[in-house]
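Beneath this line is the structure, given in structure tokens, with notes to follow.
We did not get these values from a lab; they are worked out from the coordinates using the rules stated. Please read these numbers as outputs of a predicted model, since none were measured by experiment. Cβ placement follows ideal geometry from the backbone for every residue including glycine, while neighbour counts extend to all protein chains displayed.
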Amino acid sequence: MIVPKLHVGSLMDVDMSHQMLLGRMLAKANDLARSQGLDEGFRTIINTGRIGHQEVYHLHIHILGGPEPLGSMLKRKAP
């Protein structure tokens, strides 16, 4: 998980003044994932607001990965 020191409540509170912060967070997510051996890929998640199931109102990025492909996040409609 990447958590900045600067308090930003959620992604909905981000504006153009946060460009450098978000860039650093994404670069750090890449560095952290690679340091954990996730060279074939990983998922990043930012839950935003009540509908997005945000529980902690301080912007942060979840990093998920492992040796096997991650499952789909969305339900697929049957053909």
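Key figures
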read-out: Positions within segment 16-71 being aromatic (Phe, Trp, Tyr) and either touching a residue at least 60 places away in the same chain (Cβ under 8 Å) or touching a Leu at 6+ places or on another chain (Cβ under 7 Å) (or both), in sequence order; value: Phe42
read-out: Within segment 38-79, considering residues that are within 23 Å of His7 (Cα to Cα), of a type in the set (A, V, I, L, M) and part of a loop (DSSP other than H, G, I, E, B), the one farthest from the chain's Cα centre (by Cα); value: Ile51
